[in-house]
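The values are calculated or read from the model by the stated rules, or taken from the named source; none is laboratory data. Quick caveat: nothing in here was measured; it's all calculated off a predicted structure. Glycine also receives a Cβ, built like all others from the backbone with ideal geometry; neighbour counts cover every protein chain displayed. In case anyone asks, the SASA skips ligands and DNA or RNA and just uses the protein heavy atoms, side chains included. Shrake-Rupley method; radii C 1.70, N 1.55, O 1.52, S 1.80 Å.
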Amino acid sequence: MIDKKLLEKHGLTFEEYNRIVDLIGKEPSYTELGIFSLMWSEHCSYKSSKIHLKKLPVTGENVIQGPGENAGIIDIGDGMAAVFKIESHNHPSFIEPYQGAATGVGGILRDIFTMGARPIALMNSLRFGPLSNSHNRSIIDGVVSGIAGYGNCMGVPTVGGEIYFHDSYALNPLVNVFCLGIAEHDKIFYAKAEGTGNPVLYIGSKTGRDGIHGATMASAEFGEDLEEKRPNVQVGDPFKEKLLLEACLEVMNKGLIVGIQDMGAAGLTCSSSEMASNSGTGIEINLDLVPQREEGMTPYEIMLSESQERMLLVATNKTVKEVQEIFAKWDLEAVIIGHVTDGNKLKVKAGGEIVVDVPVDAIVNSCPVYNRQSKKPACLSRIRNINLPAPPEDYNKAFLLVLSQPTIANKEWVYRQYDHMVQINTVFLPGAGASLLRLKGKNRALALTLDGNAVYCYLDPRTGGKIAVAEACRNLACIGARPLGVTNCLNFGNPEKPEIMWQFIETVEGIAEACKAFSIPVTGGNVSFYNETEGAPISPTPVLGIVGIVDDVHKAVSQGFKNEGDIILLLGKTKEELNGTVYLRALHGKEEGIPPQIDLAAEKKVQDFCIEAAAKKLIASANDISEGGLAVCLAESVFSAEAFLGCEVSLKDSIRTDALFFGETQSRIIVTVEPENLDTVLDLAGKRDIPITRIGKVNGQKIFIRHGEKPCIEVPVALAYNTWKNAIPKIFQIKS
Amino acid sequence: MKFGVVVFPGSNCDYDTFHVLRDVFDKETTFLWHKDHDLKNCDCIVLPGGFSYGDYLRSGAIARFSPLIQEITEFAQKGGIILGICNGFQVLLELGLIPGVMLRNKNLKFLCQHIHIRIENDQTPFTRSSKAGQILKIPIAHFDGNYYATPETLVELKKNDQIVFRYSDPDGSISEMANVNGSMENIAGLMNLDRNVLGMMPHPERASEALLGSADGKIIFESIIDYIESRK
């Protein structure tokens, strides 16, 4: 009997239920209800975000596959393609940090190799509550170990990413994982179930009861029932996945399969119905044939299980034997559980009975789409106008305090737990503004970065969305890379609340505007709503993953200073923009006011200039100014130098000194040039109409910054370095 | 000469090692599948890094039961040159071809970073092109690299000059600071008594191209090639 309580448990409204009855012309069986519950969940259907995601530009000359598939694909020349995507695993990672994060990595890897690409890089964007809290530290420890445990075992390097700490993530950490793979154009595979009578094979781990209703869980807020949800989190087996990766690439390389889909969210349900839907066919499967780990599983449980490391594959009657032999070679099960049919229906048999018989179109394409109400949060106007605190007396103290903020401090404690060198392509190691991966045997190289600033988005989501795109592209421009494509992970609260919906719409429109300004297509991504625990939402957090290309890997520019005596130049102009900065949070605990604004046209010009100057081998180092401002940017270049090289800088602008040093005005990059290149660079900047100022030189063993003639920051390099380097390990050592 | 790179299920530095041997050193190189019983006439067998069988039980513990291990053991007994890198080293320890065991790193975390090692013995097939005392900048990437052996074994290892590499500071001093994983005697690489089997935790294949930050690891492959070619 289907009643209100049962529908609630399945996350369906009465209206949605009535629509299901209309679509399938009968009352759904219990198993069928479970299927609709998953496939019509926010996580799988994008019902609240769909109409807004349409605003994103998705086309471009390099795009091979845009949104809607397992991952986006862009052309990178020579018949090669980059396949990439970002996904969230926020909810599972809060309930069970190690397994939640590990299976997040497992899932994104499958998304990539399902398409025929060999994964060559992982990145992650992590957001946690403050490190001062021991529960937060245990979550961080679990998440980082989980990512390391899975990625390292798979032999896919984790080459970069970002970590932020903020109160709003204490009860709702964010774990966004990105993966990039490389495929040949003619060996890309899709989730297709073509050819009536073709066998449908179940590959990989046996099905258990883990992860049932994972997607529904990810589509609701958390309350006090957190502990009860722990069994919803899947358990990962990276070794099995490594075998799956090698075996799948082998059958694909040999051209033995028609289509393939991984069993991720919504497991067997999603993979079977989507494959049929994509091909306008039907699928019939027999659950008695599905390899099972536990006894007495019901059809409902088998269809909804999210056990990891499983794939659904369609072969032909001719090739199926060879396919099974290859999986046997890798010690994997490959069992025929059904076949492709005419008639667009998903038919599921168990114990000789038909337990599911519904049109695939109803499952996959008929979920209602909502244009939810939106309303600007009232609190925004309250926090708009703030009185800025007075500038600090002691700039050295302020500088060291900013450097020791976990968001700014060195993250080696994290990234040295990740194997970031396996596959031997990593040219720029983690900690660089962007990761650089060579392509063996080629001159060109791929550049990757993840970026997003939630504080800006909280204060002004439209601007925050634009800046997320601009800053990611700026990271690429600094190493000399042109952006090619974008994937995004949009992490927000409950979309049924108008104020959250407003944040979402504003952010998406900001991202869309910036992507258009940079002429880069969005090739896919993920929306994660309901990031709320006990009614408190996270700050709106878009994370942008951008992939770019450097034509000659030997011309790529790194952020560390290179030679004593090199001239330091500032591209762009500093405005008095202190609101929303790390500095104001660190010194005064303030997160108010209007965040830094951005002029996308000016930004694009600065970036193009940097890319041009890099290609002409005119610049020795480049680093973009972001969180922590100009002073932190200089410090990073000092710390990244092979041997410590200090700097002597003098800034002349007549604005507040703290805004000059720690403000986060956009569209600024610090570059250094060898003295003999100075005139050429100034000339070129003049021609391209780029604001450029000579501010100092690489010199000595101090970080020495003046405002006008007045010395303000004067700190020995070793002191600054140790403050920055030891901030995070110190917290773990002392307090763990 | 010909190199063979063994592929266990879960090996993941197999392609890296293959790339360096074939494309950087221009040597004939072939993969050796763990289920086969064929070393394909290779002159040097490399057991690459990775996570053989997932290393869920103990690093390298299951790989020693792979069919090809029979041929590898015979090859070792006949004096064939075997290099075990990282997980390959752990497999050699499990096999008993090299004495000792690996414990978890002292900080109980996986460690991936560039470190320095000092060459302790240049009279080996693996270091003959180098000079004792030479420092190499080279990456490590492991969870279980904390070498342990009984005091009696350690005495033997030292007496027979079986310690080939030690973790060191960039200037070559053997310090506790440099001993990132907590290994006894800072041991980073060891060979058997007959000097034809070497196990090392650092990854020379990750330090064979300057573009990637160091080419110091090349000296190990150069030594092996020189040794084998000089015998032909």
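At a glance:
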| read-out | value |
| --- | --- |
| Chain B - accessible surface per residue (Å², probe 1.4 Å) | 37 |
| 5 angstrom amide H check on A:Ala170, placed H, neighbours 5+ away | A:Gly129 |
| Net lengthening on full extension, A:Thr196/A:Glu576 (0.36 nm per residue, minus Cα-Cα) | 130.2 nm |
| Peptide B:197-206 - average C-beta neighbours from other chains (10 Å radius) | 1 |
| Contour minus Cα-Cα distance for A:Ile51 and A:Leu6 (0.36 nm per residue) | 13.3 nm |
| Which of A:Leu332, A:Leu584, A:Asn443, positive extreme of dipole for the protein assembly as shown (C-beta unit charges) | A:Leu584 |
| Those lysines that a straight Cα-Cα span of less than 22 Å connects to A:Lys318, excepting residues fewer than 8 apart in one chain | A:Lys187, A:Lys192, A:Lys254, A:Lys329 |
| Per-residue [θ]222 nm for chain B (sum of -39500 (n - 2.57) over DSSP H runs n ≥ 4, rounded to 500) | -6000 deg cm²/dmol |
| Inter-chain shielding of A:427-433 (mean C-beta neighbours from other protein chains, 10 Å cut-off) | 2 |
| 0 to 90° range, to nearest 10: angle between helix A:600-615 axis and chain A longest Cα axis | 80 |
| Accessible area, probe 1.4 Å, largest first, for residues A:Leu682, A:Leu459 | A:Leu682, A:Leu459 |
| Rounded accessible area per residue of region A:18-129, 1.4 Å, Å² | 28 |
| For region B:2-231, size of Cβ-based charge dipole, Lys and Arg +1, Asp and Glu -1, in debye | 280 |
| For A:Leu7, solvent-accessible area (1.4 Å; no DNA, RNA or ligand), Å² | 0 |
| Added length on full extension, which subtracts the Cα-Cα distance from 0.36 nm per residue, A:Asp141 to A:Asp342 | 67.3 nm |
| Chain A: relative contact order as a whole-number percent, Cα under 8 Å and 6+ apart | 15 |
| Alpha-carbon centroids, region A:348-368 and region A:518-573: separation in whole Å | 43 |
| Globularity index of the protein assembly as shown, i.e. its alpha-carbon radius of gyration over 2.2 N^0.38 Å | 0.95 |
| nm² value of the averaged projected area, convex hull over the Cα atoms of region B:1-111 | 7.0 |
| Solvent exposure, largest accessible area first (probe 1.4 Å, DNA, RNA and ligands not counted), of B:Arg128, B:Arg118 | B:Arg128, B:Arg118 |
| At least 10 Å² accessible surface lost relative to isolated chain, residues of region A:240-259 (1.4 Å probe) | A:Lys242, A:Leu243, A:Glu246 |
| Label point distance in nm, A:Asn387-B:Ser173, each placed 7 Å from Cα along Cα→Cβ | 5.6 |
| Which of B:Arg58, B:Arg195 is most accessible, then next, and so on - probe 1.4 Å | B:Arg58, B:Arg195 |
| Accessible area of A:Cys270 in the full protein assembly, 1.4 Å probe (Å², nearest 10) | 20 |
| Within region A:631-668: backbone nitrogen closer than 18 Å to the A:Ala718 label point (7 Å, Cα to C-beta) | A:638-647 |
| Shielding by partners - mean other protein chain Cβ count within 10 Å, residues of A:412-425 | 6 |
| Accessible area buried at the A-B interface, both sides summed, 1.4 Å probe (Å², nearest 100) | 2600 |
| Summed side-chain charge close to A:Met154 - residues other than A:Met154 whose Cβ falls under 9 Å, Lys, Arg +1, Asp, Glu -1 | 0 |
| Whole-Hz couplings from phi, Karplus 6.51/-1.76/1.60, listed for region A:631-648; x for Gly and Pro | 5, 5, 4, 4, 4, 4, 5, 5, 5, 7, 5, 4, 10, 3, 10, x, 8, 10 |
| Per-residue [θ]222 nm for chain A (sum of -39500 (n - 2.57) over DSSP H runs n ≥ 4, rounded to 500) | -10500 deg cm²/dmol |
| Protection proxy ranking, peptides A:120-127, A:611-618, average beta carbon neighbours within 10 Å, highest first | A:120-127, A:611-618 |
| Low-density loop positions, GluC sites (Glu not before Pro), region A:673-736 - DSSP coil, at most 15 other Cβ in 10 Å | A:Glu709 |
| Placed amide H near A:Glu294: partners under 5 Å, 5+ positions off or other chain | none |
| Rg/Rh (Cα only; Kirkwood hydrodynamic radius) as it applies to region A:359-515 | 1.06 |
| Taking the C-alpha atoms of chain B, convex hull volume expressed per residue in Å³ | 110 |
